[in-house]
1. Residues that are assigned to a loop (DSSP other than H, G, I, E, B), open to solvent by less than 70 Å² (accessible area, probe 1.4 Å), at pLDDT 85 or above and over 22 Å from Leu490 (Cβ atoms): does segment 558-579 have at least one?
2. Check Ala192, Ala141, Ala145, Ala182 and return the single one that is open to solvent by 20 Å² or more (accessible area, probe 1.4 Å) and part of a helix (DSSP H, G or I).
3. Only one of Val549, Val537 is crowded, with 16+ Cβ neighbours inside 10 Å, in contact with a helix residue (DSSP H, G or I) (Cβ under 7 Å, 6 or more places away or on another chain) and more than 30 Å from Leu437 (Cβ to Cβ); which?
4. Can you tell me which residues in segment 119-138 are outside any helix (DSSP H, G or I) and either surrounded by 14 or more Cβ atoms within 10 Å (Cβ to Cβ) or among the hydrophobic types (A, V, I, L, M, F, W, C) (or both)?
5. Given the criteria basic (Lys, Arg), open to solvent by less than 60 Å² (accessible area, probe 1.4 Å), part of a helix (DSSP H, G or I) and over 21 Å from Pro543 (Cα atoms), does Arg453 qualify?
6. Got at least one residue in segment 231-241 being part of a helix (DSSP H, G or I) and within 19 Å of Arg256 (Cα to Cα)?
7. Just checking, which of Asp369, Asp330, Asp408 is modelled with pLDDT of 80 or more and in contact with a Lys or Arg (Cβ under 8 Å, 6 or more places away or on another chain)?
8. Looking at Ser228, is it among the polar types (S, T, N, Q), open to solvent by less than 20 Å² (accessible area, probe 1.4 Å) and in contact (Cβ under 8 Å) with a residue 24 or more places away in the chain?
Amino acid sequence: MSMVDEPLYPIAVLIDELKNDDIQLRLNSIRRLSTIARALGEERTRKELIPFLSENNDDDDEVLLAMAEELGVFIPYVGGVEHANVLLPPLETLCTVEETCVRDKAVESLCRIGSQMRESDLVDWFVPLVKRLAGGEWFTARVSACGLFHIAYPSASETLKAELRSVFSQLCQDDMPMVRRAAASNLGKFAATVEAAHLKTDIMQIFEDLTQDDQDSVRLLAVEGCASLGKLLKPEDCVAHILPVIVNFSQDKSWRVRYMVANQLYELCEAVGPEPTKTELVPAYVRLLRDNEAEVRIAAAGKVTKFSRILSPELAIQHILPCVKELSSDSSQHVRSALASVIMGMAPVLGKDATIEQLLPIFLSLLKDEFPDVRLNIISKLDQVNQVIGIDLLSQSLLPAIVELAEDRHWRVRLAIIEYIPLLASQLGVGFFDDKLGALCMQWLQDKVYSIRDAAANNLKRLAEEFGPDWAMQHIVPQVLDMIKNPHYLYRMTVLRAISLLAPVMGSEITCSKLLPVVITASKDRVPNIKFNVAKVLQSLIPIVDHSVVDKSIRPCLVDLAEDPDVDVRYFANQALQSIDQVMMTS
């Protein structure tokens with residue numbers, strides 16, 4: 001039955017499926033709305049499909065969520081922006097449901113449609129919708145309304161604008177905390193559309209009401225709005241209106257509000273300018289660094305470097321550094337970890353002398369921390385300190401910590417340090433590396449954990465790329481090849497993995513003379529796993545070596561393996577032989 005001959009078919013099927021007990025059928029039907037709309041045509045979509053969806057009282061949130069999402073991109077199927085208003089009723093209904101994610105998606109779709117609607121349609125259809133939702137009896141409608149004001153406001157007349165500002169103000173004083181929270185979180189978006197004259201009067205009044213709310217969940221959302229409001233105001237207005245609020249909030253009785261201040265404070269510094277930052281915000285920040293709640297200290301510690309950058313080195317040493325010293329021995333490992341991840345960035349700000357004198361002792365105490373994440377965070381950012389104080393000083397203090405981490409009983413810690421070794425190698429230079437870290441890299445190849453052995457093989461490849469094939473030939477290759485005699489087959493497999501990774505870096509000559517003979521010898525191993533890995537490695541060597549070597553050494557070895565009693569060995573050997581044939585054909 002074709003859809004063109006039977007225009008009634010799609011809507012009938014849709015109705016049947018949307019009333020079906022099976023939720024999956026209902027979901028599939030909703031997700032095919034655009035296909036059905038195309039089959040119906042624009043006019044029937046407007047007159048039949050959309051009204052049907054408006055009346056659809058499905059009680060499953062997943063179906064409603066899918067509908068809210070689909071309707072957001074439905075403008076082309078109803079005849080373009082001049083008919084966009086027909087999509088508003090079903091979305092308005094979805095804005096009032098109980099499930100938060102459905103309402104949020106409906107608001108998002110309404111915003112998308114509203115941003116494309118013509119100004120006259122916005123005034124005739126969208127603004128009344130916002131007012132209806134804002135006056136809704138049930139709090140869900142009022143919560144949804146808060147997210148729509150910034151779309152409705154710009155195209156409204158002066159009288160309507162005044163009314164919308166008044167309605168938004170009422171929502172900020174609503175009895176339900178959920179509505180006030182929604183208003184607080186959308187204040188920044190709404191303020192961005194309001195004219196400058198009303199910004200300082202109406203919006204700042206709304207903002208002040210929210211900052212004095214008795215619910216901490218509302219106040220912390222008001223803090224989030226501080227930075228966005230600060231950017232809309234002139235610096236002097238920002239100092240007059242926003243700064244006192246933030247300073248008060250930094251001493252708020254709720255730790256969640258103080259946590260939010262710690263996260264937002266840096267952005268506010270940009271809005272108020274350098275002078276108020278020094279006099280007002282630095283003391284507030286110092287208070288947060290010494291807060292009695294660990295979560296607040298974590299958030300504040302994460303901004304130490306950013307804050308130091310906007311201050312002069314003298315101010316950073318005077319105000320921030322004493323707090324950093326305290327935080328480095330904080331009782332919470334998460335505070336120390338947050339500090340360790342950013343403290344290195346202070347070195348370029350403070351300069352060489354202050355770094356050596358003040359920062360290095362803190363840095364060393366964190367390197368000896370009992371918590372591995374703290375030590376790792378320090379080592380991962382070494383380059384920033386290296387640039388300031390030079391490698392000699394750094395390496396003396398660094399090595400014991402690296403050795404300790406390299407032998408940590410947690411394998412994930414060992415894995416993390418392996419991943420930093422190439423970075424360390426490039427910073428420390430080849431001389432230091434050979435003396436101190438070379439042995440560690442070989443030690444990891446014989447770790448009990450496979451992930452460590454695999455990472456160690458990758459590490460050797462990256463070191464060979466960093467220091468060059470000659471260095472690798474001298475320091476890596478002989479020791480790796482020596483391990484092929486290891487009695488445990490898993491370590492012999494690690495050698496094969498290392499050879500396959502090193503060969504492209506070492507080039508054809510060294511591969512043929514040193515690496516290939518070891519692989520060929522391993523093909524006689526008694527363990528099938530080794531033999532099929534030999535076949536894989538030989539396949540990877542085909543593009544690297546000359547055709548003559550392929551014919552003389554690789555092919556005969558693979559032919560032998562292709563007759564092995566083990567099925568897996570035969571499979572991988574045949575795969576490699578096919579690969580040789582393809583290479584020969586293309587060349």
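1. yes
2. Ala192
3. Exactly one residue qualifies, and that residue is Val549.
4. If the condition is that a residue be outside any helix (DSSP H, G or I) and either surrounded by 14 or more Cβ atoms within 10 Å (Cβ to Cβ) or among the hydrophobic types (A, V, I, L, M, F, W, C) (or both), then Gly136, Trp138 are the ones that fit.
5. yes
6. The answer is no; no qualifying residue exists.
7. Being modelled with pLDDT of 80 or more and in contact with a Lys or Arg (Cβ under 8 Å, 6 or more places away or on another chain) holds for just one of Asp369, Asp330, Asp408, which is Asp330.
8. Judged against the criteria, Ser228 is not a match.
The values are calculated or read from the model by the stated rules, or taken from the named source; none is laboratory data. Just so you know, these numbers come straight off a predicted model, no measurement behind them. Backbone-built Cβ (ideal geometry, glycine too); neighbour counts: all protein chains shown. Areas reflect the complete protein model, heavy atoms only, side chains present, ligands, DNA and RNA absent. Shrake-Rupley method; radii C 1.70, N 1.55, O 1.52, S 1.80 Å.
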